[in-house]
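Undergrad: Please find one structure pasted underneath; my questions will follow.
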Amino acid sequence: MNYKKTMEYLQGLSTLGIVPGLENMRNLCAKLGNPQDKLRIIHIAGTNGKGSVLAYVSTILQCAGYKVGRYLSPVIFEYREKIQINQRPISQEKLCTYTERVRAACEEVVKEGKSHPTQFEFETALAFLFFAEQGCDMVVLETGMGGRLDATNIIEKPLAAVFASISMDHMKFLGNTLEEIATEKAGICKAGCPVITTVQDPQVNKVLRQKAEELGCPFVVADTQQAVRVRYGVERQRFDYGGMRDLEIRLAGKHQVANAVLAIEVICALTEKVNLTEQQLRKGLVQTVWPGRFEVIGKRPLFVVDGAHNQDGAKNLADSIRFYFTNRRIIYIMGILKDKEYEKVIAETYAYADQIITVATPDNPRAMPAYELAQVVSEFHPRVTVAGSLEEAVEMAYLLSEKADVIIAFGSLSYLGKLMQIVKGKNGVKHGR
């Protein structure tokens with residue numbers, strides 16, 4: 001298959017839906033020689049922040065000289081970002097080659113009367129095979145959803161199980177309480193592996209601690225309160241932690257200090273398995289980029305994009321808005337998927353906007369139509385406008401704003417990549433790619 005046919009095939013697998021469970025993955029990976037068993041994997045779960053933690057950890061390891069695989073979702077700019085080695089997406093040629101091989105394995109599975117793997121299972125198996133054959137020293141792996149029954153959880157001996165902030169999301173699959181969701185995510189813990197978590201809701205912390213104790217896992221809480229002399233900023237932030245002074249990160253948002261502290265604790269938990277210096281850790285922190293997470297993509301007016309798509313993410317966004325942009329006029333561009341808790345996202349954020357522009361995320365069957373979203377927003381906010389396209393939303397935002405104002409686009413990561421390209425085309429500002 002050429003690249004176009006490969007992408008058509010992969011996108012066609014989405015019709016198979018989401019099927020929680022590990023049987024399909026076991027069947028498929030067995031046909032591929034169980035490549036996951038040949039990898040040293042750091043496994044990350046959570047509701048918000050797991051991608052940022054993945055970015056910090058993998059960049060630090062890369063700066064220490066390791067060949068590091070990344071497996072992540074959702075993507076911002078193009079499909080191949082899902083699977084990276086040392087921050088370089090899998091090539092078109094290799095994606096075609098590995099798709100053919102995994103497709104053949106799927107056909108064998110089906111001939112044996114077993115279920116065809118879903119899109120995410122296919123992609124995960126492909127990533128394992130690619131990382132193993134390309135000789136990755138380590139792989140930093142994000143769960144797709146949940147943990148216990150997530151396709152990534154076929155791995156048996158992770159180097160560490162890591163938990164970013166856990167909150168309410170994907171309730172249809174994971175449960176209707178924090179304890180139920182935390183229990184599902186805690187399923188990535190394996191006997192004896194270090195368990196490292198950010199500060200969680202007490203209910204969540206109790207679940208994670210109990211799971212760690214059951215499995216004999218060292219349990220570490222990365223306490224952001226121990227980060228001192230924090231100097232916040234929208235383009236760089238500094239703090240002291242664990243005896244290290246003036247650590248610097250370039251990811252903005254108050255919550256990014258917590259994500260960086262979690263990444264530091266992950267590295268510290270692996271000191272017997274990972275060789276690196278403090279200088280390499282510092283270099284990794286400051287070199288970490290993660291597009292679309294409270295990222296500044298334009299100035300005068302300041303233009304910020306953020307992937308806040310659930311209540312917890314919206315709370316973080318609101319917290320950062322209050323902290324960085326007090327007494328500044330703010331215009332929102334908002335696009336949300338219809339299967340998300342959009343009313344809660346709106347409720348957490350509407351009060352800080354002078355004007356709200358709604359837009360539908362393009363080419364996404366889960367997108368909430370801009371007019372429907374505007375109707376919901378109008379129940380909270382009196383000034384809301386519908387945009388017919390991302391180009392129109394950006395143009396509208398610029399027309400409504402003065403140089404001292406702030407434009408913030410958020411609600412779903414699925415449209416931010418295209419929006420960032422539009423803004424870049426207008427003002428030439430580079431984003432985090």
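The values are calculated or read from the model by the stated rules, or taken from the named source; none is laboratory data. The shown structure was predicted, so the numbers you read here are calculated from the model rather than taken from an experiment. We place every Cβ from the backbone using ideal geometry, glycine too, and count neighbours over all the protein chains shown. Note: areas computed on protein heavy atoms with side chains; ligands, DNA, RNA excluded. Shrake-Rupley method; radii C 1.70, N 1.55, O 1.52, S 1.80 Å.
Undergrad: Condition first: basic (Lys, Arg), in contact with a strand residue (DSSP E or B) (Cβ under 7 Å, 6 or more places away or on another chain) and either at pLDDT 95 or above or over 24 Å from ASP339 (Cα atoms) (or both). Can you find one or more residues in region 286-293 that meet it? Steps first, answer last, please.
TA: We begin by selecting, within region 286-293, every residue basic (Lys, Arg); these are 293.
In the following step, the residues that additionally are in contact with a strand residue (DSSP E or B) (Cβ under 7 Å, 6 or more places away or on another chain) were identified as 293.
Next cut, either at pLDDT 95 or above or over 24 Å from ASP339 (Cα atoms) (or both) only: none.
No, that holds for no residue.
Undergrad: Within region 211-225, how many residues are of a type in the set (S, T, N, Q) and surrounded by 13 or more Cβ atoms within 10 Å (Cβ to Cβ)?
TA: Start the filter on region 211-225 by keeping residues that are of a type in the set (S, T, N, Q), which leaves 224-225.
Among the residues that remain, those that are also surrounded by 13 or more Cβ atoms within 10 Å (Cβ to Cβ) are: 224.
The total comes to 1.
Undergrad: For region 240-275, give me the residue count where each residue is farther than 22 Å from PHE219 by Cα and part of a loop (DSSP other than H, G, I, E, B).
TA: The total comes to 5.
Undergrad: Turning to a different aspect of this structure: Can you tell me which residues in region 249-278 are loosely packed, with under 15 Cβ neighbours inside 10 Å and without any contact (Cβ under 8 Å) to a residue 40 or more places away in the chain?
TA: Within region 249-278, the first condition is being loosely packed, with under 15 Cβ neighbours inside 10 Å, and the residues that meet it are 271-273, 275, 277-278.
Selection gives THR271, GLU272, GLU278.
Undergrad: How many of the residues in region 51-62 are open to solvent by 20 Å² or more (accessible area, probe 1.4 Å) and either basic (Lys, Arg) or closer than 25 Å to MET25 by Cα (or both)?
TA: Looking only at region 51-62, we keep the residues that are open to solvent by 20 Å² or more (accessible area, probe 1.4 Å), and these are 62.
With the extra rule that they be either basic (Lys, Arg) or closer than 25 Å to MET25 by Cα (or both), the set shrinks to none.
Final tally of qualifying residues: 0.
Undergrad: Right, here's the next one. Give GLU108, GLU121, GLU100, GLU133 a once-over and let me know the one that is open to solvent by less than 10 Å² (accessible area, probe 1.4 Å), among the charged types (D, E, K, R) and at pLDDT 95 or above.
TA: GLU121
Undergrad: Which one is least open to solvent (accessible area, probe 1.4 Å), of the residues in region 148-163 that are of a type in the set (D, E, K, R) and more than 10 Å from ILE41 (Cα to Cα)?
TA: Applying the first criterion (of a type in the set (D, E, K, R)) to region 148-163 yields 148, 150, 156-157.
From the residues that got through so far, the ones that are more than 10 Å from ILE41 (Cα to Cα) too are 148, 150.
Details: ARG148: 108, ASP150: 11 Å².
My answer is ASP150.
Undergrad: On to the next question. Tell me which residues, restricted to region 284-312, are open to solvent by less than 10 Å² (accessible area, probe 1.4 Å) and either out of contact with any Asp or Glu (no Cβ under 9 Å at 6 or more places or on another chain) or assigned to a helix (DSSP H, G or I) (or both).
TA: If the condition is that a residue be open to solvent by less than 10 Å² (accessible area, probe 1.4 Å) and either out of contact with any Asp or Glu (no Cβ under 9 Å at 6 or more places or on another chain) or assigned to a helix (DSSP H, G or I) (or both), then GLY284, LEU285, THR288, ILE297, GLY298, PHE303 are the ones that fit.
Undergrad: Could you identify the single residue in ALA132, ALA127 that is of a type in the set (A, V, I, L, M) and touching a helix residue (DSSP H, G or I) at 6+ places or on another chain (Cβ under 6 Å)? Write out each step before concluding.
TA: Values: ALA127 fails: touching a helix residue (DSSP H, G or I) at 6+ places or on another chain (Cβ under 6 Å).
Every option except ALA132 fails the conditions.
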